[in-house]
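Peer 1: This structure is in structure tokens; I'll ask about it shortly.
The values are calculated or read from the model by the stated rules, or taken from the named source; none is laboratory data. Here the structure is a predicted model, which is why all the values come from computation and not from measurement. In this analysis, Cβ positions are derived from the backbone assuming ideal geometry, glycine residues included, and neighbour counts consider all displayed protein chains.
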Amino acid sequence: MDRKNNMSTKSLSQSARTALLARIAYALTICARGTYEVGTENVLEPQILRSYNELLHRVTGAVVHHILGTDGPSLESILEIIREFGARHNRVEEVDRALNRARQQTD
């Protein structure tokens with residue numbers, strides 16, 4: 001059981017772990033949209049948007065490693081990186097909702 005998010009990951013198959021990572025990446029893109037000004041092309045929080053981009057780079061990189069079966073970051077390490085992002089950018093609840101939504105879609 002993941003200690004901070006009640007997300008059980010150890011029992012997931014490799015394909016389920018890969019699917020979860022992909023769903024997390026998708027959920028984070030939705031979170032990143034919160035940095036935009038609604039109905040415009042404007043970005044209200046460019047530094048946060050860039051941070052989301054860097055986070056998504058790490059998550060999607062892990063997806064690629066899982067698909068190819070090559071060494072890369074574990075699901076658990078990616079979850080920790082995501083939580084650290086949430087804490088650092090005052091987005092803990094937003095990130096937790098995204099993780100929970102991704103996990104529910106995997107069950």
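Peer 1: Testing GLU54 on (1) at pLDDT 95 or above; (2) among the charged types (D, E, K, R); (3) closer than 23 Å to GLN105 by Cβ, one condition comes back false. Which one is that?
Peer 2: For GLU54, the exception is condition (3).
Peer 1: Is the stretch 43-66 home to any residue that is in contact with a Pro (Cβ under 9 Å, 6 or more places away or on another chain) and of a type in the set (Gly, Ala, Ser)?
Peer 2: Yes, that holds for at least one residue.
Peer 1: Does GLU76 satisfy being out of contact with any helix residue (DSSP H, G or I) (no Cβ under 7 Å at 6 or more places or on another chain) and in contact (Cβ under 8 Å) with a residue 40 or more places away in the chain?
Peer 2: Numbers: out of contact with any helix residue (DSSP H, G or I) (no Cβ under 7 Å at 6 or more places or on another chain): yes; in contact (Cβ under 8 Å) with a residue 40 or more places away in the chain: yes.
Here the answer is yes, as GLU76 does meet what is asked.
Peer 1: Just to be sure, is GLY72 within 13 Å of the chain's Cα centre (by Cα) and farther than 21 Å from ASN100 by Cβ?
Peer 2: The answer is no for GLY72.
Peer 1: Turning to a different aspect of this structure: Just checking, does the stretch 37-49 include any residue being in contact (Cβ under 8 Å) with a residue 12 or more places away in the chain and within 19 Å of ASN100 (Cα to Cα)?
Peer 2: No, there is no match, as no residue in the stretch 37-49 is in contact (Cβ under 8 Å) with a residue 12 or more places away in the chain and within 19 Å of ASN100 (Cα to Cα).
Peer 1: With ALA27, ALA62 as the choices, which residue is in contact (Cβ under 8 Å) with a residue 24 or more places away in the chain, under 13 Å from ALA102 (Cα atoms) and within 17 Å of the chain's Cα centre (by Cα)?
Peer 2: None of the other options fit; the residue is ALA27.
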